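Colleague: To start, I am sharing the structure in question, which I have written as structure tokens.
What follows is calculated from the coordinates using simple rules that are stated; it is not laboratory data. Source: prediction; values computed, not measured. With ideal geometry, Cβ positions are generated from the backbone for all residues, glycine too; neighbour counts draw on all protein chains shown.
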Amino acid sequence: MKMKLGFPILLGIFLGISPIMGQIRLKPHAGLLFPGMGDVNAKIENDIISFRQITGEPIPSPGTIGRNKFFGVQVEYQIEEDYFASLNVGYYSDAAEVDYSATAGLRFHYLREVQLFDFMLNLHYYFNYSTWKRVNTYLGMGVGLSVANARSETFSNFGDELAQVDSRGDFAGNSLSALLGAGVDVRLSQAFSLWGELGLQYGNMGQLDGSVTTKDHPEKRDTVSQSSFDFTGIYVRAGLGVLLPFLK
């Protein structure tokens, strides 16, 4: 898996910035991500339709991959009066899964699972920032690196030879990512605040590299995913801000 060079360069610049104003905050957060994932979900739907036709069974839908929770943490510090830089690490996962049994001994299992790890360098511009204001608003933009993992499992032991499947796949990839957002920071005290942010995040992986095993070929074989993984979408997140004065 080839790593992009842009993010390490930006990270080096980030770490070389001196926190002139001395404010450093830790900002854990949680939120929702609404990624596109249209190609992945279309493949899931087509797979289930095909197995319904082959087996003649009313296999239920495993659902779709899309809106789900994500978690992360930022370290933010003030580089000028109204400008803050932050390093954000985030984690998102989702899965589509179904287990179906027609009669005793006959089983169909289908799983598609994704994980996303995001490392983002952000620049926030606050409108007339002040530590004494109750509410501070900002605009933000960021660039970084997203790393995705995907896992697939398909198993069927129905009588028709076409319906007998046992395959597993593991895939991974990475791409540059970016975001644009707007947020608000509400001061609770000199050391604590609540904050929220709404924005658009870009991260299109395309097809992922990986390996699969099947009933006929139990040894791992290198391949690429049959779907393109596009994590681009709207996000909303909120969290707590904690001032770290001992890091001044």
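Colleague: Testing the spin-label approximation: label points 7 Å from Cα along Cα→Cβ at Asp39 and Arg168. State their distance in nm.
Modeller: Rounded to a tenth, the inter-label distance reads 2.6 nm.
Colleague: I've got another one for you. For the range 109-117, take each phi angle, set θ = phi - 60°, evaluate the Karplus expression 6.51 cos²θ - 1.76 cosθ + 1.60, and give the result in whole Hz per residue in order, putting x for glycine and proline.
Modeller: Result, rounded to whole Hz: 10, 9, 9, 10, 10, 10, 9, 10, 10.
Colleague: Distance between Cα centroids, the range 24-41 to the range 105-137: provide it in whole Å.
Modeller: 4
Colleague: If the elastic network links every pair of Cα atoms under 10 Å, which of Asp230, Asp118, Asp82 fluctuates the most in the Gaussian network model of the chain?
Modeller: Taking springs between Cα atoms under 10 Å, the residue moving most is Asp82.
Colleague: While we're looking at this one, here's another question. Pulled fully out, how much extra length does the chain show between Asp209 and Val75, if you take 0.36 nm times their separation in residues and subtract their Cα-Cα distance? Show your work: numbers first, answer last.
Modeller: Working: separation 134, 0.36 × 134 = 48.24 nm, distance 3.18 nm.
Difference between extended and current length: 45.1 nm.
Colleague: Counting only helical runs of four or more DSSP H residues, what would the 222 nm mean residue ellipticity of the chain come to if each run contributes -39,500 (n - 2.57) and the total is spread over all its residues? Write out the running numbers ahead of the final one.
Modeller: Details: 2 runs with 29 residues, N = 248.
Rounded to the nearest 500, it is -4000 deg cm²/dmol.
Colleague: At R0 = 30 Å, how high is the FRET efficiency between Ala191 and Leu32 if r is their beta carbon distance? Nearest 0.05 is fine.
Modeller: Numbers: r = 28 Å, r/R0 = 0.92.
The formula returns an efficiency of 0.60 here.
Colleague: Order these by the 10 Å Cβ neighbour count, fewest first: Lys27, Lys69.
Modeller: Numbers: Lys27 20, Lys69 13.
The order, fewest Cβ neighbours first, is Lys69, Lys27.
Colleague: With axes computed from alpha carbons, what is the tilt in degrees of helix 6-16 against the longest principal axis of the chain, rounded to the nearest 10 within 0 to 90?
Modeller: 30
Colleague: What full-extension length gain, to one decimal in nm, is calculated for Arg221 and Glu97 as 0.36 nm per residue of separation minus the Cα-Cα distance?
Modeller: The span from Arg221 to Glu97 would gain 42.3 nm if fully extended.
Colleague: Which residue, Ala150, Val184, Phe71, has the largest displacement toward the positive end of the dipole of the range 57-202 when charges sit on each Cβ (Lys, Arg +1; Asp, Glu -1)?
Modeller: Val184
Colleague: Further question: Neighbouring Cβ atoms within 10 Å as the yardstick, rank Ser167, Ser189, Ser177 fewest first. Each step should come with its number before you reach the end.
Modeller: On the way: Ser167 15, Ser189 7, Ser177 25.
Ordered from fewest to most neighbouring Cβ atoms within 10 Å, Ser167, Ser189, Ser177 come out as Ser189, Ser167, Ser177.
Colleague: Now for a different question. Spin-label point model (7 Å from Cα, Cβ direction): what's the Arg52 to Asn68 distance in nm?
Modeller: With each label placed 7 Å out from Cα toward Cβ, I get 2.3 nm.
Colleague: Rounded to the nearest 10 degrees, what's the angle between the helix 38-55 long axis and the longest principal axis of the chain, both from Cα atoms, 0 to 90?
Modeller: Result, in degrees: 20.
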